[in-house]
Amino acid sequence: MIISPYKGLKPKQWRKKTLKLIQKHPLQRKEIVDVVLGVWDDIFKSGIGKKPYKIGVDIFPKPQIMGFLLHELIALELRGRHPKDWRGEADSSDKDLVYIPDGSYSVEIKTSSHGSKIFGNRSYAQEGRGGKKSKSGYYLAVNFEKCTRECSKPRILLIRFGWIDAADWRGQKAATGQQASLPPEIENSKLIHLFPERQ
């Protein structure tokens, strides 16, 4: 059980704590942004098959596929840059991005084609039912435009980084709801904007 770094703090103190958590994290803000924007560009420069077919020209993957590609490529890029420090998920107890020297700095990656919000599956809002992986810890949140024939060169809309506790996730009220989301006060104080930079 991970003890929340926000324990005992009032909501107005959360943002300051988040900034301290980010400051001590081994990944620097600039590198996070460089990696996310770089692999996003790579997705559209790459070819698939002998032709080769291009994403955004010949094929227009659904957001889930674009999110999958981002997850995989972010981990691969960081492993390539820092092979002794970073790797991708290897088993169900791993975060999406594993910091080899100290697992407490490992990162869960959330991607979404929503303009500003990120989501987890229903298990994120069910204490103790989410499998072996801890839902508390560092999060990298990336929002992007959908890839369609009308928007063949979609953009990264937001890159945010911070700490989310398992108790922060809220499940949908409907019994059949399959999503968990974060209340606005959590997203606004526990996730810090890295891109675009706020003025």
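Since every read-out is calculated from the coordinates, none of them should be taken as a lab result. Keep in mind that this is a model prediction, so the values were computed, not measured. Note that each Cβ is placed from the backbone with ideal geometry, even for glycine, and that neighbours are counted across all protein chains shown.
For the peptides 134-140, 57-63, the ranking by mean Cβ contacts within 10 Å, running from highest to lowest, is 134-140, 57-63. Normalising the average separation of contacting C-alpha pairs (under 8 angstrom, six or more residues apart) by the number of residues puts the relative contact order of the chain at 20 percent. Note on segment 6-57: Cα Rg divided by 2.2 N^0.38 Å, N the number of residues, gives 1.94.
Under a 5 Å amide H cut-off, with hydrogens placed 1.01 Å from N, Ser136 pairs with Ala166 among residues at least 5 apart or on other chains.
For the chain, the longest piece that avoids every one of the GluC sites (Glu not before Pro) found in DSSP loops with at most 15 other C-beta atoms within 10 Å covers 1-126. Principal-axis analysis of the Cα atoms of the chain puts helix 63-81 at an angle of about 80° to the longest axis. Relative to the longest principal axis of the Cα atoms of the chain, helix 29-45 runs at roughly 30 degrees. Close amide-amide hydrogen proximity is noted between Ile109 and Asp96, Leu97, Leu140, each under 5 Å apart and 5 or more residues distant or on a separate chain (H modeled in the peptide plane; Pro and chain starts excluded). Beta bridges assigned by DSSP with both partners in segment 11-195 are antiparallel in approximately 75 percent of cases. For the chain, the Cβ-based charge dipole about the Cα centre amounts to some 460 debye (Lys, Arg positive; Asp, Glu negative; other atoms uncharged).
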